[in-house]
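Notes follow the structure.
Derivation of every value follows stated rules applied to the coordinates shown; laboratory data play no part. All figures in this text were calculated on a predicted structure; none of them were measured in a lab. Positions of Cβ are backbone-derived with ideal geometry, glycine not excepted, and every protein chain shown enters the neighbour counts.
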Amino acid sequence: MPRLSTVTVGTELDERTHETSMVSLFLYNAAVWNPHRIHFDAEYTTQVEKHPNIVVDGPLQGDWLSQVVTEWLGEDGDLVEFEYSNRRAAYLGERLRAGGEVVEIDQQAGTVTLQLYIKNADDAVIAPGRALVRLPG
Amino acid sequence: MTRRDIVKYAIATQQRLEKYRRGDEAPPMFLFNAHQPLVDLDALRPDGLTVDPLLPELPLRRVMAGGIKNTYHRPVKPGDHLVLTRTIADIYEKQGASGPLIFVVYGVRVETENGELVMEEIRRRIFR
């Protein structure tokens, strides 16, 4: 459980690997009520929208970024701000890694800024993110 | 907000924290798309997406997720009755590596029925 008094700039958050399947993507899109065919219709995705394969939802990658933060916080601490950008597409079955590190500590405000990333197998950052969290002393 | 919907979301996104897995609290991205208008199947576009009644007809048709910026004021819990207000904050063009792009920026405000602010979302959609 991170504390404001012990956290340091450069502290790395645990990295987690995510690999989507047709079933996991289906359930995610059902949960957020997203009927976009690029997430379940392979023929449409490749022939009409010209993607190489079924597309992993951008906001699902956003959720994985948020989990890097919430797992680090555990039951303590609050997420105050959270943002990310989807820079490059990812496709069904790709191994993606979500992680981050502490980049700034504001002792007075009691907050810590985290820099976050989703990286693909080539180690390219396809979705950078940032979070501001409030930590217990 | 129901516990059942929170648990479904937690399973689909493989949440590890017990508070999310039990549905005691919604994960931070749970409300993504909650502002989307619900329409009948025959009102969906050929790509499956919902026609957005706020948008004029755009010259570019293909839609990609762009990203979000959320500010959290308090967690969402089962039993909450929330009011979501969606506005178009900006529409602008950019030249992308493979052609022109249109960025649509939405602002979503999430409040309780009593007007207590729960969350603010800024969301970008990209048309290519």
Farthest positive-ward along chain B dipole, Cα basis, beta-carbon charges - from B:GLY107, B:VAL83, B:PRO27: B:PRO27
As a footprinting exposure proxy, order A:HIS51, A:HIS36 by other Cβ within 10 Å, with the fewest listed first. A:HIS51, A:HIS36
Past 26 Å, Cα to Cα, is the threshold; run B:LYS19/B:LYS69; A:LYS50/B:LYS8; A:LYS50/B:LYS94; B:LYS8/B:LYS77 against it and keep the listed order. A:LYS50/B:LYS8
Candidate cut points under chymotrypsin sites (Phe, Trp or Tyr not before Pro) in the stretch A:1-89, DSSP loop plus at most 16 other Cβ atoms within 10 Å of their own Cβ, are A:TRP33
Inter-site label distance for B:SER98 and B:GLN14 at 7 Å from Cα along Cβ, in nm: 2.6
For the pair A:GLU43 and B:GLU120, what calculated FRET efficiency results from E = 1/(1 + (r/R0)^6), where r is the Cβ-Cβ distance and R0 = 30 Å, to the nearest 0.05? 0.15
Just tell me how shielded A:18-31 is by partners: mean number of partner chain Cβ atoms within 10 Å of each residue's Cβ, no decimals. 3
Dipole magnitude of the protein assembly as shown about its Cα centre (Cβ charges: Lys, Arg +1; Asp, Glu -1), debye to nearest 20: 360
What number, in percent, do you get for the relative contact order of chain B if the mean sequence gap of Cα pairs under 8 Å and at least 6 apart is divided by its residue count? 25
7 Å from Cα along Cα→Cβ at both A:PHE26 and A:ARG95: what's the point-to-point distance in nm? 2.6
How big is the convex hull of the Cα atoms of the stretch B:31-127, per residue, in Å³? 119
With N denoting the number of residues in the protein assembly as shown, provide Rg(C-alpha) divided by 2.2 N^0.38 Å, to two decimal places. 1.00
What area, in nm² and to one decimal, does the C-alpha convex hull of the stretch A:34-137 cast on average over all directions? 7.4
Could you list the GluC sites (Glu not before Pro) in the stretch B:41-128 that lie in coil according to DSSP, counting only those with at most 14 other Cβ atoms within 10 Å of their Cβ? B:GLU57, B:GLU113, B:GLU116
Specify the angular offset, from 0 to 90 degrees and rounded to the nearest 10, of the alpha carbon long axis of helix A:22-31 from the longest principal axis of the alpha carbons in chain A. 70
